[in-house]
1. Show which lysines lie in cross-link reach of K166 when reach means a straight Cα distance below 26 angstrom and same-chain residues fewer than eight apart are skipped.
2. Quick one: net charge of D160's neighbours, Cβ under 13 Å, K/R +1, D/E -1?
3. By how many degrees, between 0 and 90 and to the nearest 10, does the Cα long axis of helix 2-22 differ from the longest principal axis of the chain?
4. Excluding residues on the same chain fewer than 8 positions from K121, give the lysines whose Cα lies under 21 Å from its Cα.
5. What's the carbon and sulfur percent of region 66-133's accessible surface, probe 1.4 angstrom, rounded to a whole number?
6. Rank by packing, highest mean first: peptides 27-37, 84-94, with packing defined as the count of other Cβ atoms within 10 Å averaged across residues.
7. Where the Cα atoms of region 33-73 are projected onto their three principal axes, how long is each span, largest first, in whole Å?
8. Would you mind calculating the relative contact order of region 9-167 from Cα pairs under 8 angstrom and at least 6 residues apart, reporting the percent as a whole number?
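The values are calculated or read from the model by the stated rules, or taken from the named source; none is laboratory data. All values reported here derive from a predicted model rather than from experimental measurement. Cβ sites come from the backbone with ideal geometry, for glycine too, and all protein chains shown count toward neighbours. In case anyone asks, the SASA skips ligands and DNA or RNA and just uses the protein heavy atoms, side chains included. Shrake-Rupley method; radii C 1.70, N 1.55, O 1.52, S 1.80 Å.
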Amino acid sequence: MKFTLSVLLIFVMTSQLLAQDACKCCTPDHQAFDFWLGSWTVTNPSGEIEGYSTIDKPNGNCLIRETYSNAQGEYVGTSNNFFHEQSKKWEQIWIYEDGRTLFLTGEKVGNQMILKSPEKKNAAGIIEQDIITWTDNADGTVRQLWIHTFDGENAQVRFDGIYKKKE
């Protein structure tokens, strides 16, 4: 009887450890951007379709990947997003179809994921930065607002889209 109980106890403990290892990226920090998962139609503030986006979570739930195409099918881009264990920040690398990239880092604050590029000086010596905010709206949509700042004061909207889940 003791032997059977010991074997059962070892089996239960081993199963729990294996279950924890099976999903290393299933922590609340790793799930903070899950509100963006799905297949979406993306509209501008006027309601016109801007594009289509699919956001999935491959690689053992350790990566959130977006594949975006504009409504005309002329433009395609991909982002890879992940929670960086050492920095405790979210990171994104956006890759344009022509090979250009945009690197962002940040965190979730309330119902928003806020990611920023490093500040950089342009040819005129003006400091520029990209800030992208994804807002998890109560109606199930997600708003993505991308602004480009100049000297931390002046800002230009680069993209303002509402992600609505495809049915």
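1. Correct list for K166: K57, K108.
2. 0
3. Here the helix axis deviates by roughly 10 degrees.
4. none
5. Accessible surface attributable to carbon and sulfur in region 66-133 totals 53 percent.
6. Working: 27-37: 16.3, 84-94: 14.1.
Those peptides, ordered most packed to least, come out 27-37, 84-94.
7. 36, 20, 10 Å, listed from the longest principal axis down.
8. Relative contact order comes out at 16 percent.
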